[in-house]
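The values are calculated or read from the model by the stated rules, or taken from the named source; none is laboratory data. Predicted model, so just to flag it, every value in this text is computed and none were measured. Using ideal geometry, Cβ is built from the backbone for each residue, glycine included, and neighbour counts are taken over all protein chains shown.
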Amino acid sequence: MPELPEWRVFCATAKFHSISKAAEFLGIGSPTATKQIAKLEERLGVQLLDRSTRPVQLTPIGERYAALALPLVEGFDSMASSVSAEGTTDPVSVTAPSGFISYKLPGAVKIFQDTFPHNQVRIYSRTKSEGIRLLSDGNVDIALVDPQVPPHIDFQPLLTFERVLITSLGHLLAQQDEATIDEVARYPLTLLRGGTTTRTMLEAEMKRQEIPYEVGIELDHIEAVKRYVSLGLGISVVPEFIVEPKDREYLAVVRVQGSYATEIIGAATLREKPLTASANNFLTVLRQTMDQDGA
């Protein structure tokens, strides 16, 4: 995951068409700036700069990244300066599903901590019902959940994603482009524990359609689910964002038919309790990083 200092160096280089001028602008040494850009290119797997020209030019993919990153970096720096002047150091407390915490939240938390080093982020892995309860009791600032929330809670959508079926590479369903809920239910399921959002919605859809199903293996972590499925020990339905490129070396990924497969996750907050400045800033960073992921 690229880090904010790397984006700062890249954006400054894009602005000045010079690594040395970017380093001078940021108050760092040229070797450090060069290493930051090289690290960013390595993380992204692309070449951002054409170093054979003078002044330095952006590659076509570099131009695209610059257009996306520049307003975000300027926004974060502006927000940090504004809050620094106010002197707020309130901690931010957030609940989210374990998969979102593992695969989507780290980048936003890292950027927030780089931008606001004096603000602590407290993250709790909770199911939707547990998160809503903590939020309602005033014990957390934000609960990251699906849109179905009680009337006393406000909801701001952040990310739309698809649920997909994962199987071992040799499974019969691995040969298909899509699978129906009925086809999924014909095989033993390997799922996260009860109460997790995807399992709750999958079981509700199967019951609505009166489709019998069997949960053969129940686990506590999504990485364990992927491991068992890769060995042919059940199949599973998971958010697509938890499937990383390396996972496709040993997992087949199949689209799931039906409206159930599309989901929204967003920020739930108490309607009668204004967010602190720190929580508002975290929500802004989270929204911007989710927008970038969806771009």
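Numerical summary
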| quantity | calculated |
| --- | --- |
| Test for G234: is it modelled with pLDDT of 90 or more, at positive phi and not assigned by TED's automatic domain parsing to the domain that holds K128 | yes |
| Subset of region 243-252 (residues that are under 23 Å from I181 (Cα atoms) and out of contact with any strand residue (DSSP E or B) (no Cβ under 9 Å at 6 or more places or on another chain)) | R248 |
| Residue list for region 11-36, filter: surrounded by 21 or more Cβ atoms within 10 Å (Cβ to Cβ) and under 13 Å from R51 (Cα atoms) | T13, A14, I19 |
| Test: A277 is of a type in the set (G, A, S) and assigned by TED's automatic domain parsing to the domain that holds Q209 | no |
| Residues being assigned to a loop (DSSP other than H, G, I, E, B), at pLDDT 85 or above and surrounded by fewer than 18 Cβ atoms within 10 Å (Cβ to Cβ) - total across region 37-54 | 3 |
| Exclusive hit being in contact with a Lys or Arg (Cβ under 7 Å, 6 or more places away or on another chain) and under 30 Å from P150 (Cα atoms), set L192, L251 | L192 |
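Yes/no matrix, rows are residues, columns are (1) of a type in the set (A, V, I, L, M); (2) in contact with a Leu (Cβ under 9 Å, 6 or more places away or on another chain):
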| residue | (1), (2) |
| --- | --- |
| D114 | no, yes |
| N119 | no, no |
| A143 | yes, yes |
| L169 | yes, yes |
| Q175 | no, no |
